[in-house]
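The values are calculated or read from the model by the stated rules, or taken from the named source; none is laboratory data. Note that the coordinates shown come from a computational prediction; the quantities given were computed from them, not determined experimentally. Positions of Cβ are generated from backbone atoms using ideal geometry, with glycine treated the same way; all protein chains shown enter the neighbour counts.
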Amino acid sequence: MPAWLNDAVFYEIYPQSFYDSNGDGIGDINGIREKLDYILSLGCNALWINPCYDSPFRDGGYDVRDYYKVAPRYGTNEDLYGLFEDAHRKGMHILLDLVPGHTSEEHPWFAESSKAEPNAYSGRYIWTDFWIKSIPGHPYIGGETPRNGTYMLNFFKCQPALNYGWRSPSESWQCGTDHPDALATREALKDIICFWLDRGADGFRVDMADSLVKGDDEDKSSTCEIWRDIRAMLDRDYPGAALVSEWSNPRLALNNAGFHMDFYLDHWYNGYHSLLRRVEDGIDRSYFRKDADSDIQLFLQDYLPKYRETREHGYISFITCNHDTPRLAPRLSDRELQLAYATLFTLPGIPFLYYGDEIAMRYQEKLPTKEGGYTRTGSRTPMQWDEGPNLGFSTAPADRLYLPVDASPDAPTAASATGRDSLLELIRSVLTLRHHEPDLQADGDFSILHAASGDPLFVYSRGRRILAVNPSGKVRTAAIPGLKAGAVPALLIGSADVSDSQLTLGPQSFIVT
Ligand code: GLC
Ligand code: CA
């Protein structure tokens with residue numbers, strides 16, 4: 001396990017929308033370089049950058065045309081190497097995005113693979129052996145290429161699935177995971193990984209990490225085997241490199257596949273969903289919603305077994321949001337967000353803050369889809385820096401921006417969000433404390449001290465620290481054996497009364513004692 005992870009706090013950057021350094025209306029690598037001190041000042045000491053490779057951008061860059069080249073819209077490879085250097089000089093780490101399951105249909109491998117004549121790339125993707133043959137249970141395309149076959153998709157139409165083999169091949173056109181074609185794809189993936197690690201990347205966020213092996217790999221054991229092979233390569237050759245999976249199944253991702261971290265994503269009815277996005281029939285029952293009066297049970301029932309089973313193997317990563325998920329503002333208020341982030345950033349594991357969430361940037365309803373974003377587009381708008389033109393994002397004319405900036409007169413900005421009680425300052429305080437106290441970092445011990453059905457108050461410990469949150473509008477009290485009166489809280493939102501063996505939290509309050 002890379003030692004730097006224990007105290008890592010990540011900031012996710014959608015590069016199109018972070019900061020435009022050359023006035024062409026789109027964010028770029030040098031823009032990220034200019035803002036490293038800002039990111040660091042929040043308490044985030046690591047970055048994940050969404051795909052920044054050459055791409056036709058039919059899925060925001062998750063349709064990679066050249067894994068080895070920075071997209072010209074973001075700058076050059078040299079710019080990215082410079083970003084690695086700048087970040088390392090400041091003690092920061094950078095994860096790139098790795099898209100292993102598919103390429104763009106414009107990738108040169110696919111052009112070769114599409115040819116009628118067999119060649120070295122014929123087996124790089126998953127093809128049937130007849131132009132009209134279906135691939136049951138999977139999306140596929142026919143009629144587009146000279147090759148006499150149909151090909152499997154991994155996501156959008158523009159994203160043909162790479163061939164890592166089938167768990168139990170049952171057709172002559174399917175190959176096993178140890179077939180030379182499948183192994184060649186795996187080697188190609190390793191080459192990409194090594195290329196960027198050799199040039200200064202510190203690891204990868206892995207897109208659709210569970211999607212490699214096809215067929216009846218329901219238990220994912222064949223896909224896990226490939227990732228263990230890659231982890232073995234990292235342990236041997238790049239022991240400081242880290243991988244975080246887009247999987248949201250920590251038992252498989254951490255224990256079996258060997259990822260260092262696995263995202264806890266907003267999936268319908270999982271524990272994370274119950275905290276922040278549990279809207280049912282128009283009623284918001286999210287735990288952190290003041291008027292929901294929910295307890296923490298739904299979260300703990302899902303999270304605790306996962307945490308206990310996986311803690312020896314890796315980290316569960318809480319997110320504030322991501323580029324696929326609706327932002328929490330304006331549905332949740334600033335105070336609700338403060339309580340939520342204070343909790344997420346003090347639970348075990350390694351948190352990820354999505355750019356702009358520190359200022360409660362708002363989900364933008366009703367934007368036309370951009371580059372395959374659809375409903376995700378509203379979470380991908382430009383970062384709001386200050387009161388200047390385009391809220392400081394770019395000096396380009398407003399109609400040339402990648403996406404419009406939030407047009408509301410009270411749009412929050414980083415410059416205006418620094419008041420003492422602001423969300424941004426709260427994040428700074430929580431993360432400063434976390435960096436000072438190993439008990440609050442990824443590995444620190446965790447136990448539940450109070451979590452009762454029907455009671456919104458949740459009290460937990462991290463090492464010697466006792467933490468509590470009360471998202472409701474009512475005062476709540478719990479007996480906490482061993483609690484000592486008198487100590488000044490290390491952090492307080494709202495109000496609290498700490499007495500011997502009893503903790504009382506005011507409405508919408510959070511404490512670290
Ligand atoms: C992942 C990405 C998403 C992308 C998809 C296909 O879910 O997060 O943005 O569209 O994979 O690569
Ligand atoms: Ca630019």
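Here are the numbers for the structure shown:
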item	result
Of residues in region 293-304 being among the hydrophobic types (A, V, I, L, M, F, W, C) and either in a loop (DSSP other than H, G, I, E, B) or without any contact (Cβ under 8 Å) to a residue 40 or more places away in the chain (or both), the one surrounded by the fewest Cβ atoms within 10 Å (Cβ to Cβ)	Leu298
Some residue of region 382-391 being surrounded by fewer than 17 Cβ atoms within 10 Å (Cβ to Cβ), over 17 Å from the mean Cα position of the chain (by Cα) and not in a loop (DSSP other than H, G, I, E, B)	yes
Single residue of Ala414, Ala398, Ala451 found to be among the aliphatic types (A, V, I, L, M), assigned by TED's automatic domain parsing to the domain that holds Ala342 and over 24 Å from the mean Cα position of the chain (by Cα)	Ala398
Residues being farther than 17 Å from Ala496 by Cα, in contact with a Pro (Cβ under 9 Å, 6 or more places away or on another chain) and among the charged types (D, E, K, R) - total across region 435-477	3
In region 51-66, the residues that are crowded, with 23+ Cβ neighbours inside 10 Å and either in contact with a His (Cβ under 8 Å, 6 or more places away or on another chain) or aromatic (Phe, Trp, Tyr) (or both)	Tyr53, Tyr62, Asp63, Val64
Among the residues listed as Arg236, Arg228, Arg186, the single one being part of a helix (DSSP H, G or I), touching a Phe, Trp or Tyr at 6+ places or on another chain (Cβ under 7 Å) and among the basic types (Lys, Arg)	Arg186
Residue list for region 34-44, filter: assigned to a helix (DSSP H, G or I) and either outside the structural domain of Pro351 (by TED's automatic domain parsing) or within 27 Å of Gly349 (Cα to Cα) (or both)	Leu36, Asp37, Tyr38, Ile39, Leu40, Ser41, Leu42
Leu243 vs. criteria part of a helix (DSSP H, G or I) and either touching an Asp or Glu at 6+ places or on another chain (Cβ under 6 Å) or within 16 Å of Met1 (Cα to Cα) (or both)	no
Hits in region 1-32 - residues which are in a loop (DSSP other than H, G, I, E, B) and either more than 16 Å from ligand 2 (Cβ to nearest atom) or surrounded by fewer than 21 Cβ atoms within 10 Å (Cβ to Cβ) (or both)	Met1, Pro2, Ala8, Val9, Ser21, Asn22, Gly23, Asp24
Any chance Leu96 is more than 16 Å from ligand 1 (Cβ to nearest atom), aliphatic (A, V, I, L, M) and either in a loop (DSSP other than H, G, I, E, B) or touching a residue at least 12 places away in the same chain (Cβ under 8 Å) (or both)	no
Residue selected from region 1-17 under the condition within 16 Å of ligand 1 (Cβ to nearest atom) and of a type outside the set (A, V, I, L, M), by the criterion farthest from Pro397 (Cα to Cα)	Phe10
Pair list, Cβ < 6 Å and 6+ apart or interchain, from region 231-250 residues that are within 25 Å of Glu309 (Cβ to Cβ) to residues that are part of a helix (DSSP H, G or I) and of a type in the set (D, E, K, R)	Pro250/Lys306
Any hit, region 33-40, residues being within 14 Å of ligand 1 (Cβ to nearest atom), surrounded by fewer than 23 Cβ atoms within 10 Å (Cβ to Cβ) and not acidic (Asp, Glu)	no
Considering residues of region 125-177 that are within 16 Å of ligand 1 (Cβ to nearest atom) and not hydrophobic (A, V, I, L, M, F, W, C) only, the residue farthest from Asp229 (Cα to Cα)	Lys157
Matching residues in region 45-54 - criterion: being in a loop (DSSP other than H, G, I, E, B) and more than 16 Å from ligand 2 (Cβ to nearest atom)	Asn45, Pro51
Boolean, Leu401 is in contact with a Pro (Cβ under 7 Å, 6 or more places away or on another chain) and either of a type outside the set (Ser, Thr, Tyr) or within 16 Å of ligand 1 (Cβ to nearest atom) (or both)	yes
Positions within region 344-381 being among the aliphatic types (A, V, I, L, M), buried (at least 19 other Cβ atoms within 10 Å of the Cβ) and assigned to a loop (DSSP other than H, G, I, E, B), in sequence order	Leu347, Ile350, Ala360, Met361
